[in-house]
Amino acid sequence: MKKNIHPENYRFVVFRDMSNGDSFLSRSTATSKETVVWEDGNEYPVIKLEISNTSHPFYTGKNVLVDTAGRIDKFRKRYEKKK
């Protein structure tokens, strides 16, 4: 590995999945102004995630209906040629 290219300021951070409320503690260099008291009684910064392995369809095995038709219509409307 190359020297002096990796960050030095890793610290414990709580990652919270906003879609199902699940949280886990890990190390990260990400910054956050919000904090939360974790199960061990210590206070850690919180990083909010839209989706994690506990809510992603690939890991849960559950199919989630995605609004692809709305996305396609929106794309066509945005990029259609003006007459």
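Bear in mind these aren't lab numbers, they're just calculated from the coordinates by the rules spelled out. Because the structure is a prediction, the values reported are computed rather than measured. Neighbour counts are summed over all protein chains in view; Cβ atoms, including those assigned to glycine, are modelled from backbone coordinates with ideal geometry.
What the table shows:
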read-out: Those residues of the range 1-36 which are among the basic types (Lys, Arg) and farther than 14 Å from Ile47 by Cβ, in sequence order; value: Lys2, Lys3
read-out: Matching residues, the range 1-35, being more than 17 Å from the chain's Cα centre (by Cα) and of a type in the set (Val, Ile, Thr); value: Ile5
